[in-house]
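The values are calculated or read from the model by the stated rules, or taken from the named source; none is laboratory data. Every value quoted in this text rests on a predicted model; they were computed, and no experiment measured them. Ideal geometry is used to build each Cβ from the backbone, glycine not excepted, and the neighbour counts take in all protein chains shown. Areas reflect the complete protein model, heavy atoms only, side chains present, ligands, DNA and RNA absent. Shrake-Rupley method; radii C 1.70, N 1.55, O 1.52, S 1.80 Å.
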Amino acid sequence: MTVCATESAADHENTENPEHVENADHENARAGRPGCVITADGAYAARLALDGGCWFPERWTLDGPEPYAVPLPSHQPEEPGTEVLPMGDGRVLIHRVAVGRHSFSLLYPTGPGTGELPLGAVECPEEGSRLRLLPPAPGGEYAYALAVGRGSTAVWLVAGGAFGPEHLAEIPGRCSGGVWLDGTGRMLALDRFQDGRTKTVVVDLERGGEVSPLLQIAEDSDDRLLLADADSGLLLIRSDAPSPGRPRLGWGVLGSTLPVRFPECLRASDCAVTPFAIQPGQVLTPERCAVALRIDGPAGTWVGIWRPVERQVHHLPAPEGWLAGAGLVTEEGVLRLPYATRGVPCGVASLEAPAAPVDAESARPPERVTARPVPLQQAPLTGRTAPPARQDGRDGPVPSTPAAPPGTAVPGVPAVPIVPVAPAFPVARAGRGTGGRSPGGWERVELAGARPGHPPTART
C-alpha cells in the first residue's frame with residue numbers, strides 16, 4: 001500500500017516568528033487530515049469517532065470478509081484533535097497532549113472494556129515546538145513521531161522499542177510531511193524548510209539519521225513530496241517550479257533522470273486536488289499506476305482517479321459518509337473508501353475507474369516539464385542492506401528481515417543506540433543519552449506505571 005504525507009489537526013504552529021510563516025502557511029493550506037488512518041498493508045484502520053459530543057478511538061478491521069469496528073473508549077472522553085494510529089497487530093496507538101507533554105499509549109479491546117498500556121512521554125520546554133505522528137510505517141511493528149523545534153526537527157520512535165520513546169535522528173531545519181520510500185521503514189522522506197525554501201530530503205533511520213537531498217527541481221522553487229509507491233517508484237510531487245508562487249501537482253519516478261512532469265489535467269483553479277493513494281504492484285510500469293485524488297471544490301468533496309499514462313482525471317462521486325482523504329487502491333486498481341453513516345457505521349465502498357487504454361502512451365501529446373531533471377538518483381536508495389537487528393521490545397516482536405542479496409551490503413551500518421531509562425518515578429526524567437534527549441530540546445520522560453515493553457495482543 002502507498003504511504004502518504006499528512007498533517008495533523010493537532011499540530012500547533014507558531015506563526016508569530018517570520019521564520020515559521022512559510023511552513024505554517026503551507027501546512028494550513030493543505031487539506032485536513034484524513035478521516036481515518038490505515039495501516040501500510042490495509043488490514044486495520046483507526047479514527048477518532050464522535051458519540052453524543054464525546055470523542056473516542058475506534059479501530060476498524062478491513063482484511064476480513066466484511067469490515068467491522070471496535071470502539072476503544074477510555075475512562076474519559078478524548079480531546080478533539082487527539083491522534084490515533086493503527087498498529088500491525090490490531091492495537092491502536094494514541095497520542096495525547098497535556099500541558100506541553102506528549103504521552104503515548106497502546107489501546108486494545110478486553111472484552112467489554114478497553115486495555116491501555118502506557119509507553120512513556122516526550123516533552124520540550126521550547127516555545128513553538130510541536131509533535132505529531134508520522135504515517136504508519138511498513139510492517140506495522142513500529143510507530144514514529146516528528147518533533148519540530150525552532151531550528152531543527154527530531155524523529156522519535158514512540159512504539160515498538162524496548163525502553164519507551166527513543167530519539168533516532170535530528171535534522172537541521174523545520175520539517176513537515178513524511179513519506180516512507182521503501183518497504184522496510186528505513187528511508188523516510190521529509191519536506192524541510194530551511195533558508196527560505198522547502199526541499200524534500202531523505203533520512204536514513206538505520207544510519208544515524210543520515211540526510212540526503214531528494215527533490216531539488218530549481219534553486220528558487222518549493223518542492224514537496226506527497227506520495228510514494230515502493231513497488232513502482234512513482235512519486236507525486238507538489239512544486240511551484242513551473243509557475244513560481246503557484247504550486248502544481250507533478251509526478252516523477254524514483255531513481256530516474258527524467259524530468260518531473262506537471263500534467264494540465266491536474267491543474268484546477270477553483271479546486272484543491274490532493275493525492276492520497278497509489279496502486280501498488282506495478283513494478284515496471286509506474287505510468288500505469290492508478291492514483292486516487294481527493295478533490296475539494298465549491299460543490300463539495302469528491303474522488304478522482306488518474307494515471308500518468310492518461311491525459312484526464314476520472315471524476316467519481318464519493319460515498320455518503322466517506323472519511324474524506326482515507327482509502328487505498330488494490331493491485332487490481334480498485335479504490336476502496338471507508339465510510340460511516342447512521343445506518344452503516346463501518347463500511348467500505350469499492351470504486352473502479354476505466355482501464356487505461358493499451359495505446360495511451362503513444363497517443364499522449366507532450367506535457368510541460370521542468371527545465372531540469374529532479375536528482376532523484378541522489379537519494380541513498382540503492383545498494384542498501386536489511387536494517388540491523390533491533391533489540392526485542394516486549395510490545396511487539398522484531399520483524400523478520402530477509403538477507404540482502406549478494407553484492408548489496410553496506411559495510412559499517414551502525415545500529416541506532418538505545419539508552420536505558422532511569423528507574424521510574426512520577427514524571428522522572430530519563431538519562432540524557434542518545435535515546436532520551438534530542439539536541440533540539442525534546443526530552444523523554446518516564447511516567448509512573450509506564451510499561452514500554454509488553455507482550456503483543458492477539459489479532460482480534
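Taking the range 209-314 as the region of interest, the strands (runs of 3 or more DSSP E) fully inside it that hold 2 or more residues being charged (D, E, K, R) are 223-228, 291-297. Residues in the range 36-57 that are part of a strand (DSSP E or B), open to solvent by less than 30 Å² (accessible area, probe 1.4 Å) and either of a type in the set (Gly, Ala, Ser) or closer than 12 Å to Thr82 by Cβ (or both): Ala45, Ala46, Leu48, Ala49, Pro57.
Filter the range 213-230 down to the residues that are acidic (Asp, Glu) and modelled with pLDDT of 95 or more, then identify the one that is surrounded by the fewest Cβ atoms within 10 Å (Cβ to Cβ). Full working, then the answer.
Going residue by residue through the range 213-230, those that are acidic (Asp, Glu) are 219-220, 222-223, 229.
Now restrict to residues that are modelled with pLDDT of 95 or more: 222-223, 229.
Values: Asp222: 22, Asp223: 25, Asp229: 26.
My answer is Asp222.
In the set Thr184, Thr200, only one residue is assigned to a loop (DSSP other than H, G, I, E, B), of a type outside the set (Asp, Glu) and either at pLDDT 95 or above or farther than 30 Å from Arg150 by Cβ (or both); that residue is Thr184.
Determine the pairs where a residue that is of a type in the set (Ser, Thr, Tyr), located within the range 273-294, has a partner that is in a helix (DSSP H, G or I) with Cβ atoms under 6 Å apart, the partner being 6 or more residues away or on another chain. Nothing qualifies. Only residues that are over 19 Å from the mean Cα position of the chain (by Cα), closer than 17 Å to Phe262 by Cβ and touching a residue at least 60 places away in the same chain (Cβ under 8 Å): list them for the range 186-225, please. Once the filter is applied, which keeps residues that are over 19 Å from the mean Cα position of the chain (by Cα), closer than 17 Å to Phe262 by Cβ and touching a residue at least 60 places away in the same chain (Cβ under 8 Å), the range 186-225 yields Gln216, Ile217, Ala218, Asp222.
Of everything listed in (1) open to solvent by 20 Å² or more (accessible area, probe 1.4 Å); (2) more than 19 Å from Ala277 (Cα to Cα); (3) touching a Gly at 6+ places or on another chain (Cβ under 8 Å), the single unmet condition for Leu168 is (1).
Answer yes or no as to whether Pro125 is in contact (Cβ under 8 Å) with a residue 40 or more places away in the chain, surrounded by fewer than 20 Cβ atoms within 10 Å (Cβ to Cβ) and outside any strand (DSSP E or B).
yes
Checking each residue in the range 331-369 for being of a type in the set (Val, Ile, Thr), at pLDDT 95 or above and outside any strand (DSSP E or B) picks out Thr341, Val344.
Among the residues of the range 136-156, which ones are assigned to a loop (DSSP other than H, G, I, E, B), closer than 15 Å to Leu93 by Cα and either at pLDDT below 95 or open to solvent by less than 10 Å² (accessible area, probe 1.4 Å) (or both)? Across the range 136-156, the qualifying residue is only Ala137.
Kindly provide the set of residues from the range 258-294 that are open to solvent by 10 Å² or more (accessible area, probe 1.4 Å) and of a type in the set (Val, Ile, Thr), ordered by number. Answer for the range 258-294, where residues must be open to solvent by 10 Å² or more (accessible area, probe 1.4 Å) and of a type in the set (Val, Ile, Thr): Val273, Thr274, Val283, Thr285.
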